[in-house]
1. I'd like the full set of residues that are touching a Leu at 6+ places or on another chain (Cβ under 9 Å) and open to solvent by 20 Å² or more (accessible area, probe 1.4 Å), limited to the range 164-181.
2. Could you list, in sequence order, the residues of the range 90-125 that are in a loop (DSSP other than H, G, I, E, B) and away from the ligand (no atom under 11 Å from the Cβ)?
3. Please list, ordered by first then second residue, the pairs with beta carbon atoms under 8 Å, 6 or more apart or interchain, first in the range 42-68 and more than 25 Å from residue 83 (Cβ to Cβ), second open to solvent by 50 Å² or more (accessible area, probe 1.4 Å) and within 9 Å of the ligand (Cβ to nearest atom).
4. Residues of the range 42-89 being surrounded by fewer than 18 Cβ atoms within 10 Å (Cβ to Cβ) and assigned to a helix (DSSP H, G or I), which ones?
5. Test residue 46 against the criterion of being in contact with a Cys (Cβ under 6 Å, 6 or more places away or on another chain) and closer than 21 Å to residue 104 by Cα, and give yes or no.
6. Of everything in the range 195-252, what is at pLDDT 90 or above, open to solvent by less than 30 Å² (accessible area, probe 1.4 Å) and assigned to a loop (DSSP other than H, G, I, E, B)? Give them in sequence order.
Amino acid sequence: MRRSVNHSFESLNRYQLKLLATARVQIAEIYQSIQGEGLLAGTPSAFVRTSGCNLRCRWCDTPFTSWNPTGIEQSIEMIVDRVRLLACRHVVLTGGEPLLFDEVVPLVHKLRDLSMHVTIETAGTISRDMQVDLMSISPKLSGSAPSIDEHPLWYARHNAARHNKSAIVDLVRHSPYQIKFVIDHLNDVTEVDFWLADLNCIDSRRVLLMPQGTDQIDLQEKDLWLAELCTERGFLFAPRHHIAWFGLTRGT
Ligand code: SF4
(Lines give C-alpha, C1' and ligand atoms only; values in the text may rest on other atoms or scores of the structure.)
Protein backbone atom coordinates (compact mmCIF):
# COMPACT_ATOMS: atom_id res chain seq x y z
CA MET A 1 0.00 0.00 0.00
CA ARG A 2 1.31 3.45 -0.88
CA ARG A 3 2.10 5.52 2.19
CA SER A 4 0.54 8.96 2.21
CA VAL A 5 3.16 11.64 2.82
CA ASN A 6 2.09 15.17 3.62
CA HIS A 7 4.17 17.33 1.29
CA SER A 8 2.89 20.71 2.47
CA PHE A 9 5.67 23.17 3.12
CA GLU A 10 4.10 23.83 6.52
CA SER A 11 4.67 20.18 7.40
CA LEU A 12 8.45 20.57 7.44
CA ASN A 13 9.99 19.97 10.83
CA ARG A 14 12.41 22.37 12.49
CA TYR A 15 15.46 20.59 11.13
CA GLN A 16 14.11 20.73 7.59
CA LEU A 17 13.20 24.43 7.94
CA LYS A 18 16.73 25.17 9.15
CA LEU A 19 18.10 23.24 6.19
CA LEU A 20 15.95 25.30 3.89
CA ALA A 21 17.45 28.51 5.22
CA THR A 22 21.10 27.42 5.26
CA ALA A 23 21.45 24.48 2.91
CA ARG A 24 23.48 24.58 -0.22
CA VAL A 25 23.66 21.86 -2.84
CA GLN A 26 26.35 21.48 -5.48
CA ILE A 27 24.56 22.02 -8.78
CA ALA A 28 26.15 21.11 -12.11
CA GLU A 29 23.48 22.74 -14.27
CA ILE A 30 19.88 23.97 -14.38
CA TYR A 31 18.24 24.21 -17.79
CA GLN A 32 15.06 23.78 -19.78
CA SER A 33 14.69 20.92 -22.24
CA ILE A 34 12.40 18.04 -23.23
CA GLN A 35 12.35 14.84 -21.22
CA GLY A 36 13.90 12.25 -23.53
CA GLU A 37 13.40 9.04 -21.53
CA GLY A 38 10.65 7.04 -19.92
CA LEU A 39 6.94 7.50 -19.27
CA LEU A 40 7.14 11.30 -19.59
CA ALA A 41 9.24 11.36 -22.78
CA GLY A 42 8.37 14.42 -24.81
CA THR A 43 7.39 16.57 -21.81
CA PRO A 44 8.96 20.05 -21.65
CA SER A 45 10.74 20.18 -18.30
CA ALA A 46 13.16 22.13 -16.13
CA PHE A 47 16.17 19.99 -15.20
CA VAL A 48 18.12 20.48 -11.97
CA ARG A 49 21.29 18.41 -12.09
CA THR A 50 23.02 17.86 -8.75
CA SER A 51 26.71 17.05 -8.75
CA GLY A 52 28.11 14.07 -6.85
CA CYS A 53 27.39 10.34 -7.04
CA ASN A 54 27.98 7.30 -4.84
CA LEU A 55 28.47 5.10 -7.94
CA ARG A 56 30.92 5.14 -10.85
CA CYS A 57 29.27 3.49 -13.87
CA ARG A 58 31.75 2.64 -16.59
CA TRP A 59 29.46 4.20 -19.22
CA CYS A 60 28.33 7.20 -17.17
CA ASP A 61 27.10 9.86 -19.59
CA THR A 62 27.42 12.66 -17.01
CA PRO A 63 30.99 12.18 -15.72
CA PHE A 64 30.98 15.84 -14.71
CA THR A 65 28.67 14.78 -11.83
CA SER A 66 30.41 11.53 -10.89
CA TRP A 67 34.02 10.89 -11.95
CA ASN A 68 34.88 14.60 -11.99
CA PRO A 69 32.09 16.41 -10.16
CA THR A 70 31.79 20.06 -11.13
CA GLY A 71 29.36 22.84 -10.30
CA ILE A 72 28.75 25.48 -7.71
CA GLU A 73 26.92 25.37 -4.40
CA GLN A 74 23.50 26.98 -4.50
CA SER A 75 20.89 27.59 -1.83
CA ILE A 76 17.43 26.09 -2.18
CA GLU A 77 16.04 29.59 -2.74
CA MET A 78 18.47 30.15 -5.62
CA ILE A 79 17.55 26.82 -7.21
CA VAL A 80 13.82 27.49 -6.90
CA ASP A 81 14.17 31.02 -8.31
CA ARG A 82 16.08 29.70 -11.31
CA VAL A 83 13.52 26.93 -11.93
CA ARG A 84 10.64 29.42 -11.76
CA LEU A 85 12.30 31.54 -14.43
CA LEU A 86 12.25 28.53 -16.78
CA ALA A 87 8.43 28.51 -16.53
CA CYS A 88 7.90 24.72 -16.78
CA ARG A 89 5.27 22.83 -14.84
CA HIS A 90 7.48 19.72 -14.81
CA VAL A 91 10.75 19.69 -12.89
CA VAL A 92 13.26 16.83 -13.02
CA LEU A 93 15.80 16.49 -10.21
CA THR A 94 18.62 14.44 -11.68
CA GLY A 95 22.33 13.90 -11.21
CA GLY A 96 24.66 12.48 -10.29
CA GLU A 97 22.59 11.09 -7.45
CA PRO A 98 20.15 13.69 -6.13
CA LEU A 99 19.12 11.52 -3.17
CA LEU A 100 22.62 11.83 -1.71
CA PHE A 101 21.61 15.23 -0.35
CA ASP A 102 19.42 15.83 2.74
CA GLU A 103 18.47 19.14 1.12
CA VAL A 104 16.52 17.39 -1.62
CA VAL A 105 13.62 16.86 0.82
CA PRO A 106 12.89 20.56 1.53
CA LEU A 107 13.61 21.35 -2.13
CA VAL A 108 10.92 18.90 -3.25
CA HIS A 109 8.48 20.31 -0.68
CA LYS A 110 9.09 23.81 -1.96
CA LEU A 111 8.67 22.88 -5.64
CA ARG A 112 5.48 20.92 -4.99
CA ASP A 113 4.08 23.78 -2.92
CA LEU A 114 4.43 25.81 -6.11
CA SER A 115 2.26 23.18 -7.87
CA MET A 116 5.14 21.82 -9.89
CA HIS A 117 5.23 18.18 -10.99
CA VAL A 118 8.45 16.74 -9.59
CA THR A 119 10.34 13.75 -10.98
CA ILE A 120 13.44 12.41 -9.26
CA GLU A 121 15.91 10.38 -11.32
CA THR A 122 17.89 8.08 -9.05
CA ALA A 123 19.89 4.84 -9.16
CA GLY A 124 17.77 3.59 -6.25
CA THR A 125 20.57 3.04 -3.72
CA ILE A 126 19.29 5.61 -1.16
CA SER A 127 15.80 6.19 0.18
CA ARG A 128 14.24 9.41 1.51
CA ASP A 129 11.02 9.89 3.46
CA MET A 130 9.11 11.97 0.94
CA GLN A 131 6.71 11.72 -1.96
CA VAL A 132 7.25 12.94 -5.51
CA ASP A 133 5.07 12.77 -8.62
CA LEU A 134 7.34 10.29 -10.36
CA MET A 135 10.23 8.37 -8.84
CA SER A 136 12.32 7.30 -11.81
CA ILE A 137 14.61 4.51 -10.60
CA SER A 138 17.45 3.22 -12.74
CA PRO A 139 19.10 0.34 -10.86
CA LYS A 140 22.62 -0.45 -12.00
CA LEU A 141 23.29 -4.00 -13.17
CA SER A 142 26.62 -5.83 -12.73
CA GLY A 143 27.87 -4.72 -16.17
CA SER A 144 27.83 -1.08 -15.04
CA ALA A 145 30.88 -1.53 -12.77
CA PRO A 146 34.04 0.30 -13.75
CA SER A 147 37.21 -1.58 -14.75
CA ILE A 148 38.69 -3.46 -11.80
CA ASP A 149 42.20 -2.90 -13.20
CA GLU A 150 41.88 0.84 -13.72
CA HIS A 151 39.68 1.68 -10.74
CA PRO A 152 39.97 -1.12 -8.14
CA LEU A 153 38.69 1.05 -5.28
CA TRP A 154 35.66 2.32 -7.17
CA TYR A 155 35.00 -1.18 -8.55
CA ALA A 156 34.56 -2.40 -4.97
CA ARG A 157 32.59 0.65 -3.78
CA HIS A 158 30.31 0.59 -6.82
CA ASN A 159 29.48 -3.09 -6.43
CA ALA A 160 28.91 -2.74 -2.68
CA ALA A 161 26.43 0.13 -3.19
CA ARG A 162 24.66 -0.48 -6.50
CA HIS A 163 22.10 -3.08 -5.36
CA ASN A 164 19.99 -1.93 -2.40
CA LYS A 165 16.75 -3.85 -2.36
CA SER A 166 15.27 -2.13 0.70
CA ALA A 167 15.89 1.35 -0.77
CA ILE A 168 14.01 0.46 -3.96
CA VAL A 169 11.11 -1.12 -2.06
CA ASP A 170 10.86 2.03 0.06
CA LEU A 171 10.99 4.39 -2.93
CA VAL A 172 8.24 2.59 -4.84
CA ARG A 173 6.00 2.55 -1.74
CA HIS A 174 6.21 6.32 -1.32
CA SER A 175 5.60 7.54 -4.90
CA PRO A 176 4.32 6.65 -8.36
CA TYR A 177 7.34 5.12 -10.06
CA GLN A 178 9.04 3.77 -13.14
CA ILE A 179 11.98 1.37 -13.11
CA LYS A 180 14.32 1.86 -16.01
CA PHE A 181 17.04 -0.70 -16.64
CA VAL A 182 19.91 0.21 -18.96
CA ILE A 183 20.62 -2.81 -21.18
CA ASP A 184 23.99 -3.32 -22.84
CA HIS A 185 23.90 -7.05 -23.63
CA LEU A 186 21.25 -9.74 -23.91
CA ASN A 187 22.56 -11.28 -20.67
CA ASP A 188 21.55 -8.13 -18.79
CA VAL A 189 17.90 -9.07 -19.26
CA THR A 190 18.40 -12.28 -17.25
CA GLU A 191 19.70 -10.09 -14.44
CA VAL A 192 16.62 -7.87 -14.74
CA ASP A 193 14.41 -10.95 -14.31
CA PHE A 194 16.35 -11.83 -11.16
CA TRP A 195 16.01 -8.31 -9.71
CA LEU A 196 12.27 -8.16 -10.36
CA ALA A 197 11.64 -11.60 -8.87
CA ASP A 198 13.68 -10.65 -5.81
CA LEU A 199 11.89 -7.30 -5.37
CA ASN A 200 8.52 -9.02 -5.79
CA CYS A 201 6.56 -5.73 -5.67
CA ILE A 202 7.05 -4.20 -9.12
CA ASP A 203 4.31 -3.72 -11.70
CA SER A 204 5.80 -4.97 -15.00
CA ARG A 205 3.90 -2.17 -16.82
CA ARG A 206 6.19 0.27 -15.04
CA VAL A 207 9.38 -1.51 -16.09
CA LEU A 208 11.27 0.06 -18.98
CA LEU A 209 14.29 -1.33 -20.79
CA MET A 210 16.55 1.27 -22.38
CA PRO A 211 19.57 0.54 -24.60
CA GLN A 212 23.00 1.56 -23.35
CA GLY A 213 24.96 3.79 -25.66
CA THR A 214 25.52 7.28 -26.97
CA ASP A 215 26.18 6.40 -30.60
CA GLN A 216 23.14 6.47 -32.88
CA ILE A 217 24.17 3.46 -35.01
CA ASP A 218 24.94 1.34 -31.95
CA LEU A 219 21.61 2.34 -30.40
CA GLN A 220 19.61 1.53 -33.53
CA GLU A 221 21.06 -2.00 -33.57
CA LYS A 222 20.18 -2.53 -29.89
CA ASP A 223 16.70 -1.00 -30.36
CA LEU A 224 15.75 -3.86 -32.71
CA TRP A 225 16.30 -6.79 -30.35
CA LEU A 226 15.41 -4.89 -27.20
CA ALA A 227 12.00 -3.73 -28.47
CA GLU A 228 11.16 -7.34 -29.38
CA LEU A 229 12.25 -8.57 -26.00
CA CYS A 230 10.09 -5.96 -24.23
CA THR A 231 7.05 -7.11 -26.19
CA GLU A 232 7.69 -10.73 -25.18
CA ARG A 233 8.02 -9.88 -21.49
CA GLY A 234 5.33 -7.18 -21.15
CA PHE A 235 7.84 -4.41 -20.40
CA LEU A 236 7.98 -0.97 -22.00
CA PHE A 237 10.71 -0.18 -24.50
CA ALA A 238 12.43 3.14 -23.78
CA PRO A 239 14.40 4.56 -26.72
CA ARG A 240 17.05 7.16 -25.89
CA HIS A 241 15.20 9.97 -27.65
CA HIS A 242 17.48 12.68 -26.32
CA ILE A 243 20.50 11.18 -28.12
CA ALA A 244 18.58 11.26 -31.42
CA TRP A 245 17.29 14.79 -30.72
CA PHE A 246 20.39 16.44 -29.27
CA GLY A 247 23.32 13.99 -29.30
CA LEU A 248 25.45 13.72 -26.15
CA THR A 249 25.38 17.40 -25.28
CA ARG A 250 25.32 19.10 -21.89
CA GLY A 251 22.29 21.22 -21.06
CA THR A 252 19.87 19.16 -23.13
S1 SF4 B 1 24.55 6.42 -11.19
FE2 SF4 B 1 24.25 7.85 -12.90
S3 SF4 B 1 25.53 9.64 -12.43
FE4 SF4 B 1 26.19 7.97 -11.07
S5 SF4 B 1 27.92 7.06 -12.16
FE6 SF4 B 1 26.07 5.88 -12.73
S7 SF4 B 1 25.31 6.85 -14.63
FE8 SF4 B 1 26.78 8.29 -13.66
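The values are calculated or read from the model by the stated rules, or taken from the named source; none is laboratory data. Since the structure is predicted, the reported quantities are computational estimates derived from the model, not experimental observations. Note: ideal-geometry Cβ built from the backbone for every residue, glycine included; neighbour counts use all protein chains shown. Ligands, DNA and RNA are excluded from the accessible area calculation, which covers all protein heavy atoms including side chains. Shrake-Rupley method; radii C 1.70, N 1.55, O 1.52, S 1.80 Å.
1. Looking only at the range 164-181, we keep the residues that are touching a Leu at 6+ places or on another chain (Cβ under 9 Å), and these are 165, 167-169, 171-172, 175-181.
Residues satisfying the conditions are 165, 169, 176.
2. Looking only at the range 90-125, we keep the residues that are in a loop (DSSP other than H, G, I, E, B), and these are 95-97, 101-103, 114-116, 123-125.
Hits for the range 90-125 are 101, 102, 103, 114, 115, 116.
3. These pairs meet every condition: 56/67.
4. 63, 64, 77, 78, 81, 82, 84, 85, 86
5. Considered against the rule, which asks whether it is in contact with a Cys (Cβ under 6 Å, 6 or more places away or on another chain) and closer than 21 Å to residue 104 by Cα, residue 46 comes out as yes.
6. 235
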